[in-house]
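Trainee: Here it is, the structure in full.
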Amino acid sequence: LERHIEESLGRKYSEQMWEWNLDGVLEGTEDLYFPQAVSRFEQLEQGRIYFGELGLGKKKYIEEGGFIYDKIFVYADEQSDKERFFELMEDHFAVIDRGGNTYELAQKSFSKATACEYMVQKFGADKEDVYVFGDSMNDKEMLEVAGLSVCMENGSEEMKKIADVICPSVTEDGIKKAFEKYHLM
């Protein structure tokens, strides 16, 4: 289950990102796409190194085009006009604040909640049988549609308020412990 941004629209969005003095990474099913030039955003460059070690982000640069992607991860600072950019994107994207002046732009009509609903339909399950685990605002919609929503202890405070229960952090085997508690193993 996937939905890609049409290539010409995808190019337009990346050009607008730079027009408003932001930088970012385009996330696709096949790969990640970084800008060719070294970015002023240290976090983006750290991501380039990290994902490069995993073999990602090396096929094409954003400027080359010729690829499709599904979402945008944006970096902003005091030089950026993020409000204007987000205003241009608001009809098609949900803007998720990931903290530290970083933002995830996910297609509005396609989210983790959409994926949950698809799986319920595909397998003829009941919503009450859907258990989801999350920790940040990009999981919000998914937690809102599940039969039981679980937030990791290391998750954001806002997510903890939305979740039905909180389990230990990932580093403390929280998912495994929750699976055991709810007899999912």
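Trainee: Which one, [x] 11.7; [y] 10.0; [z] 14.6, gives mean projected area of the Cα convex hull in nm² as derived from the coordinates shown?
Mentor: [x]
Trainee: Only residues of the range 57-94 count here: report those whose backbone N is under 19 Å from the spot 7 Å along Cα→Cβ of Lys12, or say none.
Mentor: 63-73, 84-94
Trainee: Quick check for you: which residues of the range 121-155 have the amide N under 18 Å from the point 7 Å beyond the Cα of Asp173 toward its beta carbon?
Mentor: Counting only backbone N, you get 152-154.
Trainee: Mind checking which lysines have their C-alpha under 24 Å from Lys58, skipping anything on the same chain fewer than 8 residues away?
Mentor: Those lysines meeting the cut-off are Lys12, Lys71.
Trainee: Tell me the label-point distance for the pair Asp97, Glu157, using the 7 Å Cα-to-Cβ offset, in nm and rounded to one decimal.
Mentor: It works out to 1.2 nm between the two label points.
Trainee: While we're on this one: List the GluC sites (Glu not before Pro) in the range 72-178 that DSSP assigns to loop (not H, G, I, E or B) and whose Cβ has at most 15 other Cβ atoms within 10 Å. Which are they?
Mentor: Glu78, Glu90, Glu153
Trainee: Helix 42-53: angle to the longest alpha-carbon principal axis of the chain, degrees 0 to 90, nearest 10?
Mentor: With both axes taken from Cα atoms, the answer is about 70 degrees.
Trainee: Can I ask one more? Would you mind checking the pairs Lys82/Lys122; Lys59/Lys176; Lys59/Lys108; Lys59/Lys82; Lys59/Lys160 and listing those with alpha carbons more than 31 angstrom apart? Kindly include the intermediate steps, with their values, before the conclusion.
Mentor: Details: Lys82/Lys122 38 Å; Lys59/Lys176 36 Å; Lys59/Lys108 27 Å; Lys59/Lys82 28 Å; Lys59/Lys160 38 Å.
Listed pairs above 31 Å: Lys82/Lys122; Lys59/Lys176; Lys59/Lys160.
Trainee: From the phi of every residue in the range 135-144, what ³J(HN,Hα) in whole Hz does the Karplus formula 6.51 cos²θ - 1.76 cosθ + 1.60 yield, where θ is phi - 60° and glycine or proline is x?
Mentor: 8, 9, 5, 6, 9, 3, 4, 5, 5, 6
Trainee: Lysines within cross-link reach of Lys161: Cα-Cα under 18 Å, excluding same-chain residues under 8 positions apart?
Mentor: Partners within reach: Lys140.
Trainee: Ignoring ligands, DNA and RNA, what percent of the accessible area of the chain is carbon or sulfur (1.4 Å)?
Mentor: Accessible surface attributable to carbon and sulfur in the chain totals 49 percent.
Trainee: Sticking with this one: What residue among Leu22, Leu105, Leu88 shows peak mean-square fluctuation when the chain is described by a Gaussian network model with Cα springs under 10 Å?
Mentor: Leu88
Trainee: Which value, in debye to the nearest 20, gives the size of the charge dipole of the chain about its Cα centre, when Lys and Arg are +1 and Asp and Glu are -1 at the Cβ?
Mentor: Here the size comes out at about 380 debye.
Trainee: Could you give the accessible area per residue of the chain, probe 1.4 Å, as a whole number in Å²?
Mentor: Ligands and nucleic acids excluded, the figure is 58 Å² per residue.
Trainee: Give me a comma-separated list of calculated 3J(HN,Hα) values for the range 170-183, in order, Karplus coefficients 6.51, -1.76, 1.60 applied at θ = phi - 60°, integers in Hz, x for any Gly or Pro.
Mentor: Here the 3J(HN,Hα) series is 4, 5, 9, 6, x, 5, 4, 4, 5, 4, 5, 4, 9, 6 Hz.
Trainee: Specify the angular offset, from 0 to 90 degrees and rounded to the nearest 10, of the alpha carbon long axis of helix 7-19 from the longest principal axis of the alpha carbons in the chain.
Mentor: So the inclination is approximately 70 degrees.
Trainee: While we're here: Using DSSP to define loop residues, name the GluC sites (Glu not before Pro) in the range 1-62 whose beta-carbon has at most 14 other beta-carbon atoms within 10 Å. Spell out each step's value before the answer.
Mentor: Details: sites: Glu2, Glu6, Glu7, Glu15, Glu19, Glu27, Glu30, Glu42, Glu45, Glu53; in loops: Glu2, Glu6, Glu30.
Qualifying residues, ordered by number: Glu2, Glu6, Glu30.
Trainee: Another question, if that's okay. Assuming R0 = 41 Å, what is the FRET efficiency of Glu180 and Arg3, from their Cβ-Cβ distance, to the nearest 0.05?
Mentor: Numbers: r = 35 Å, r/R0 = 0.85.
It comes to 0.75.
The values are calculated or read from the model by the stated rules, or taken from the named source; none is laboratory data. Computed from a predicted structure; not experimentally measured. Every residue, glycine as well, gets a Cβ built from its backbone with ideal geometry; the counts of neighbours run over all protein chains shown. When the accessible area is computed, the model is the full protein with side chains, heavy atoms only, and any ligands, DNA or RNA have been set aside. Shrake-Rupley method; radii C 1.70, N 1.55, O 1.52, S 1.80 Å.
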